[in-house]
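Participant: To start, I am sharing the structure in question, which I have written as structure tokens.
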Amino acid sequence: MSARLNVFGSPTAGKFLKHLVAAGQVAADSPLPAATQELVKIRASQINGCGFCTDMHIKEAAAAGETAARLHLVAVWREATVFTEAERAALELAEQGTRIADAAGGVTDEAWENAAKHYDEEQLIALTSLIALINAFNRLNVIVRQPAGDYQPGQFG
């Protein structure tokens with residue numbers, strides 16, 4: 001399988017991706033825990049069917065010390081006992097924020113209030129920004145059918 005477009009060789013895509021990556025660095029530098037950030041990126045990518053981002057973020061999380069058990073259970077986090085209550089709240093917010101079109105009311109007050117119990121305002125801003133950003137990356141990669149499997153941790157920076 002090959003991508004429909006070469007986003008890594010396109011000057012226009014390069015400029016666009018530079019800005020997305022810069023936005024991602026803001027979230028990465030935020031007080032939101034790094035493990036939570038990777039879990040959220042993995043879950044949104046799974047929902048969106050983005051193999052490229054799922055591959056990338058599972059490998060990045062593993063390289064950062066995330067356990068195989070937790071990585072294998074992200075897709076079924078509700079039934080798993082390996083996530084903290086704060087992580088579960090972030091995963092729920094990520095799911096609802098990713099599935100906006102599927103839910104008549106968007107993100108529920110309950111999901112928001114649960115996340116707000118575990119994260120302060122700066123962390124919530126980082127979390128919501130990260131959810132929006134990974135969804136943008138997912139959509140780009142799904143539209144161009146960016147293949148998955150070859151990513152190496154640290155490949156882009």
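Participant: Can you tell me which of Glu60, Glu95, Glu79, Glu87 is crowded, with 18+ Cβ neighbours inside 10 Å, farther than 26 Å from Arg145 by Cβ and either touching a strand residue (DSSP E or B) at 6+ places or on another chain (Cβ under 7 Å) or charged (D, E, K, R) (or both)?
Facilitator: Glu87
Participant: Let me ask something additional. For Ala61, all conditions in the list (1) over 24 Å from Pro153 (Cβ atoms); (2) small (Gly, Ala, Ser); (3) at pLDDT 95 or above hold save one; what is the number of the exception?
Facilitator: Answer for Ala61: the failing condition is (1).
Matching residues to (1) of a type in the set (Gly, Ala, Ser); (2) surrounded by fewer than 18 Cβ atoms within 10 Å (Cβ to Cβ); (3) in contact with a Leu (Cβ under 7 Å, 6 or more places away or on another chain):
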{"residue": "Val107", "(1), (2), (3)": "no, no, yes"}
{"residue": "Glu110", "(1), (2), (3)": "no, yes, no"}
{"residue": "Ile125", "(1), (2), (3)": "no, yes, no"}
{"residue": "Leu133", "(1), (2), (3)": "no, no, yes"}
{"residue": "Arg139", "(1), (2), (3)": "no, yes, no"}
{"residue": "Val144", "(1), (2), (3)": "no, yes, yes"}
{"residue": "Asp150", "(1), (2), (3)": "no, yes, no"}
{"residue": "Gly157", "(1), (2), (3)": "yes, yes, no"}
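Participant: One residue is enough: does the stretch 79-91 have a residue meeting the conditions over 20 Å from Ala23 (Cα atoms), assigned to a loop (DSSP other than H, G, I, E, B) and under 17 Å from the mean Cα position of the chain (by Cα)?
Facilitator: Checked against the condition, which is being over 20 Å from Ala23 (Cα atoms), assigned to a loop (DSSP other than H, G, I, E, B) and under 17 Å from the mean Cα position of the chain (by Cα), the stretch 79-91 yields at least one hit.
Participant: So the check is Cβ under 8 Å with 6+ separation or different chains; which pairs have a first residue in the stretch 52-67 that's under 18 Å from Phe83 (Cα atoms) and among the β-branched types (Val, Ile, Thr) and a second one that's crowded, with 23+ Cβ neighbours inside 10 Å and at pLDDT 95 or above?
Facilitator: Ile58/Ile42
Participant: Is there a residue being under 30 Å from Ala3 (Cβ atoms), within 15 Å of the chain's Cα centre (by Cα) and not in a helix (DSSP H, G or I) anywhere in the stretch 104-127?
Facilitator: No: zero hits.
The values are calculated or read from the model by the stated rules, or taken from the named source; none is laboratory data. Every value quoted in this text rests on a predicted model; they were computed, and no experiment measured them. Positions of Cβ are generated from backbone atoms using ideal geometry, with glycine treated the same way; all protein chains shown enter the neighbour counts.
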